[in-house]
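What follows is a single structure, written as structure tokens, with notes after it.
The values are calculated or read from the model by the stated rules, or taken from the named source; none is laboratory data. Fair warning: this is a prediction, and the values are worked out from it, not measured in the lab. Heads up, the Cβs are rebuilt from the backbone with ideal geometry, glycines too, and the neighbour counts pull from every protein chain shown. Surface accessibility is based on the protein's heavy atoms, side chains included, excluding ligands, DNA and RNA. Shrake-Rupley method; radii C 1.70, N 1.55, O 1.52, S 1.80 Å.
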Number of protein chains: 2
Amino acid sequence: MNPILKSSLLIYFIGACDASGTDIALDAKATLLHRIDSLNLLIYTCLLTLTVLTIWVFKHRRVSWLHETGLAVIYGLIVGAIIRYGGSTNEVTYIDAHPAPDTKYNLSVPPDIVRFHFPDKIQISSGEAPIPNKTYAYSFRGEIVKVEQNEIDLKATFDPEIFFNIILPPIIFHAGYCLKRKYFFRNLGAILTFAMVGTALSALVIGALMYGCVQLMPASLASSFTFLDTLYFGALISPTDPLTVLAIFSQLKVDVNLYAMIFGESVLNDAVALVLSGAIQNYEKRYSSDGGFEITGFLGAIGDFIGIFSLSLLVGALMGCFTALMTKFTHVRDWPLLESALFVLMSYAAFLIAEVCELTGVVAVLFCGICQAHYTYNNLSADSRNRTKQLFELLNFLAENFIFTYIGVSMFTFPKHHFDPWFIIAGFLTSTLGRAVNIYPLSFLLNLGRKPPIPMNFQHMLFFSGLRGAMSFALAIRNTVSEARQAMLTTTSMIVIATVVLQGGAATHALAYLRIPTGEGQNDENEALPYRDVRSNGRMVVKWGNGENEVVMPWQLNYKEETPRGSTDGGSEKARLARLWGALDSRLLKPLLTHARPPLTETLPGFMRPVARLLTTTRQYTQSDNSLRRTDSDSDLCIDEPQPVPTSIDPQLSYNIRNGYGNV
Amino acid sequence: MNPILKSSLLIYFIGACDASGTDIALDAKATLLHRIDSLNLLIYTCLLTLTVLTIWVFKHRRVSWLHETGLAVIYGLIVGAIIRYGGSTNEVTYIDAHPAPDTKYNLSVPPDIVRFHFPDKIQISSGEAPIPNKTYAYSFRGEIVKVEQNEIDLKATFDPEIFFNIILPPIIFHAGYCLKRKYFFRNLGAILTFAMVGTALSALVIGALMYGCVQLMPASLASSFTFLDTLYFGALISPTDPLTVLAIFSQLKVDVNLYAMIFGESVLNDAVALVLSGAIQNYEKRYSSDGGFEITGFLGAIGDFIGIFSLSLLVGALMGCFTALMTKFTHVRDWPLLESALFVLMSYAAFLIAEVCELTGVVAVLFCGICQAHYTYNNLSADSRNRTKQLFELLNFLAENFIFTYIGVSMFTFPKHHFDPWFIIAGFLTSTLGRAVNIYPLSFLLNLGRKPPIPMNFQHMLFFSGLRGAMSFALAIRNTVSEARQAMLTTTSMIVIATVVLQGGAATHALAYLRIPTGEGQNDENEALPYRDVRSNGRMVVKWGNGENEVVMPWQLNYKEETPRGSTDGGSEKARLARLWGALDSRLLKPLLTHARPPLTETLPGFMRPVARLLTTTRQYTQSDNSLRRTDSDSDLCIDEPQPVPTSIDPQLSYNIRNGYGNV
């Protein structure tokens, strides 16, 4: 730097500094807060790094008695305890305030902002006089129930809304994007029964039993729980999160149909539970003023549930189809980065649109993921397929492990825990019972109409896979205003930790004990969460779209199976619906939304020909049938497919696969 | 659902609902706030989608008069204006408060939490009585300067800290990870001079001139600016962000050395400006109580600057090397997902560690990125290379476009703008002058000692590339407490918008006007921001590690050039340093941190042999020299390399390339 210039400028400095002491103290305070935030993030980053390294060690040494999610929880617990008991407390300063004398305020909610005036003179206990005659803005945070409880310690905690807006969407989207639709559709009946009816049933049973239990408890506790509270607890503890079990399944190559049922159910029951809990809250809001039960209100809640679920589904599906149209009719695929960005933005927009419309973003993003996989994926360039797949895989991995780490840490650091031993014990018992009520009676009913029945050991395994996870925790931590809600959070956290660590660890033994066959050479059909055992040896393992496998779509399977099975059994109505949907999908939606053949010009009736021609791309005419079949397959959505499936599936074989339970 | 079970449970409902009206109103309020948040995010998601689509159209139609960042800004401005003037105002409710009568408070900062008691009776203007006898917590937000200014409207705005903790790190990391080190090292002298000395000089000149200008303005304004304020303005407006220009350069294939200088300078001067502004703030904090200039304080600020910069560099570099060690000595590369997660987590940890230690995270993450590219990248599996590259490319793209959109929107919606025409005009003039003071005198000095001098038209282009961007905006919006800072934010926003839209749009013409040669077949050497013109035709275009190009490391180039050039010119000292570093890197660091050959057992002296053996992997012994050279090359960090470089570079050729300015 030019020294002459510099020294000549120095004269400006003199007398130029007059920032007040308070501003600087405020700056220092802001810096401190920023450092604390960074430290919190750093703690979680280190925890995740540690988890990743330990997972590697476990995979390397083939440890199976503890899964990565269990590991994340345990590391979280240890670090949480250290922070709680070892760390220095960063004290929060308080002041009590009253409204200004001449205040007029006529709303039934507390104001958003308090304008706090420091008076000219303030009674001080010692030391220098504080900041006289200034006004500061304070924003609303929550109600203080016990004024004497001075400590609102926010060490290593995050705003619960982060879970719903940042952490859950990629997890759920990835589940939808990765869903192997072939096996999902095959077991659709069972999956829908378990996920829709089962979850509602489980919530109701748990809610009712908990309300009964609570009434038997000491009066102080009993009075703080309403039936709606316990029903809410039932809804939030009902969804399952069988990550751990599924990871073991995919390692041990367990029967695909069992896998599909557990995965499909867990994907859908998250969505169901979320909508259900929302409906319960809406009911509470609308009818609490009356105090009593109203049949119209109850029906309204059911209407809410159905309406919100189907509208959210619609939003997600439409956004997925819209993305498919955009990628089909523009040449944005020439620039894979733009294409990937578009894909990510549209998928997140589905979530946001649903949230803005007071629907359920998670449901929207789930069905958006399914549509993106079914339609848009076929239009993407190879680079974008690869990129979106890998991106969401990584995001899902990080988000999942973060949430389980956080469950561990927050057990010690979250300030609003309320340990109530009776409630916790009751919670454990009823949630187990709720899972049983979901699986066994519904399996019995399903087996009445289902040709390959669900055998008992599969039912036991379905029951055993009822681990609780991210969604339960996210719902529980969302609202911790009242003591009842705090007790729910504590109980939920403990149930999640116990099931993930203990049940997850025992899954291998449970498989052996229940004599569920493993390693049956079904590796090409295994609906693995793909990354679990991707193992490369220095070369790229991504195989999407490179395989030679030609697979059969669900409706084609249905069609082919009709022939040997006849169509006189109880499932014929369902099969007809599936055939209808299959025809609609292959004749209208696929040709419209993707480059798949046959083009619309061949599938639509004659008078629609001009419109059809408009909606068909040159690529669709020119591309060979075979190359499109390949990109269209389910299997190109799964990284881990070392063996190709047989090139043609004869009806008898597929029939055998569907009836695969026979080999138990 | 079983109807009998259900109806038998309904009796529980009766009398079970007694949530109070206030709680429900609070819930509704929280829902509303959540919807507003989602709507804000949705606005930006839609804006980004629109930008992506328009970029595609522009690329498709080869529009060059407006670049994507300019586009993002313009869309942002339009939507910002619509929100400002068209949207309905969501009113914020207020209440004035005073300390409770018997309060004792003895700190010089306002408290974190105000516990606001609603009294039993409150004077109401009309309607029902609000929430009596409850206590709410309010958290600190900021000072209210003008109490009468009732509207703190927070439509479509985010917490400024988001820029520093979420948006900037991926941008900066990507810059470091993508930096083509070959050309960066070749022009290191010029880059360092422009970035370090030039930025400081520019900040000082702008600061001094602005202080002079402010003194000439109306008294009310003059009194609100101290010299430190204007100096801070100088520091924040000095860093350049030549995205637009570089995108055009890479399209038109402009001289690589010019490209490297502009890119290298802009990467480094972001870091320099950030540390510089931090040092100014520290100085302000420490010495403001005295009011006068102190030479010790000034030296302290310079010490701060050097200390923080080098310590941050060290943190980043160490984390990069640590990641390299982890990926070298564990077999985590067998599981690419774990490896990628580790890579991302360690890189973000570098940022966080620096922030926790009160260093500069952005500087740490920049050098971490450079080290990750130089060492860790060689150890990664092909899948992880691909994945990390694509991930950061996508994040960078989204983050960049988001920040420019936000600059546009916030111009209308950010509540703390302060339009002062004199300050804005002065800002434009001095920032142009500051850029000139950076480039021309320093180029003159550099040309004294530099053998291939920087020609005048290159200097003009360097001057012209002084667009302001993300870093300036992020620094300006970080602190908007005082009126002076608000005027700075407004001026910075306007300078950013004007330079990005106008200067960015005129860049092609400037190149033509200055007769800077373009399209000279240097496409293999073009340090493109890789994605800018990646164009695939249905196949994967990722070519990293697949090319046959063997490239020469900077120190090797230096070494080879010494022979024809002799070593008697002024650059010999620099060359010796570069050789020293090259030797250290190739003999110690590369063999230690990567699988590169020759292994440590060959490069270390005899008595270190046992240690060396310990630190050498089997792979390092067995792998052939050639395959490692290939993965080691700079070029595998760049997607867009259609032609392979010559397999061997003869000394004369590389000499010609280095002296490539001759062809102007």
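Shown here: segment B:181-225, whose C-alpha atoms stretch 53, 13, 9 Å along the first, second and third principal axes, sorted largest to smallest.
Rounded to the nearest 0.05, what FRET efficiency is calculated for A:Arg515 and A:Arg619 with R0 set to 51 Å and r the Cβ-Cβ distance? Working shown, then result.
Values: r = 51 Å, r/R0 = 1.00.
E between A:Arg515 and A:Arg619, to the nearest 0.05, is 0.50.
Between this copy and the others, label points of A:Pro453 are 9.6 nm apart in ascending order, each placed 7 angstrom from Cα in the Cβ direction. Over segment A:232-346, the reciprocal of the mean inverse Cα-Cα separation, the Kirkwood hydrodynamic radius, stands at 17.7 Å.
If only the Cβ of Lys and Arg carry +1 and only the Cβ of Asp and Glu carry -1, the dipole of segment A:374-488 around its Cα centre is close to 300 debye. Once all protein chains are placed together, A:Leu311 keeps about 90 Å² accessible to a 1.4 angstrom probe.
Note on A:378-387: average number of Cβ atoms from other chains within 10 Å of each residue's Cβ is 4.
To the nearest 0.05, what FRET efficiency results for B:Gln215 and A:Phe58 with a Förster distance of 60 Å applied to their C-beta separation?
Values: r = 68 Å, r/R0 = 1.13.
Efficiency for this residue pair is about 0.35.
What the phi angles of segment A:597-609 give under the Karplus curve with 6.51, -1.76 and 1.60, with θ = phi - 60°, is a coupling list of 9, x, x, 4, 4, 8, 8, 7, x, x, 5, 8, 3 Hz, glycine and proline written as x. With 22 Å as the limit, the listed pairs B:Lys59/B:Lys182; B:Lys180/B:Lys389; B:Lys253/B:Lys451; B:Lys180/B:Lys590; A:Lys328/B:Lys253; A:Lys29/B:Lys285 have B:Lys59/B:Lys182; B:Lys253/B:Lys451; A:Lys328/B:Lys253 beyond it between alpha carbons. Computed 3J(HN,Hα) for segment B:432-446, one whole-Hz value per residue from the Karplus formula 6.51 cos²θ - 1.76 cosθ + 1.60 where θ = phi - 60°, is 5, 4, x, 5, 5, 5, 5, 7, 5, x, 5, 4, 4, 5, 4, glycine and proline marked x. Phi angles of segment B:355-365 translate, via the Karplus equation with coefficients 6.51, -1.76, 1.60 and θ = phi - 60°, into HN-Hα couplings of 5, 5, 7, 6, 9, 10, x, 5, 5, 4, 6 Hz per residue; Gly and Pro are given as x. A simple packing score, the average count of other Cβ atoms within 10 Å per residue, orders the peptides A:486-495, B:54-63, B:420-429, B:465-474 as B:465-474, A:486-495, B:420-429, B:54-63, with the highest score first. When accessible surface is computed with a 1.4 Å probe, chains A and B are found to bury approximately 15900 Å² between them, both chains counted. At the residue level, B:Cys357 shows approximately 80 square angstrom of accessible surface with a 1.4 angstrom probe and all protein chains present. Between copies, the label points of A:Leu580, set 7 Å from Cα on the Cα→Cβ line, lie 8.2 nm apart, reported in increasing order to one decimal in nanometres. Comment: the Cα-to-Cβ extended label point of B:Leu53, at 7 Å, lies 4.8 nm from its counterparts in the other copies, nearest first.
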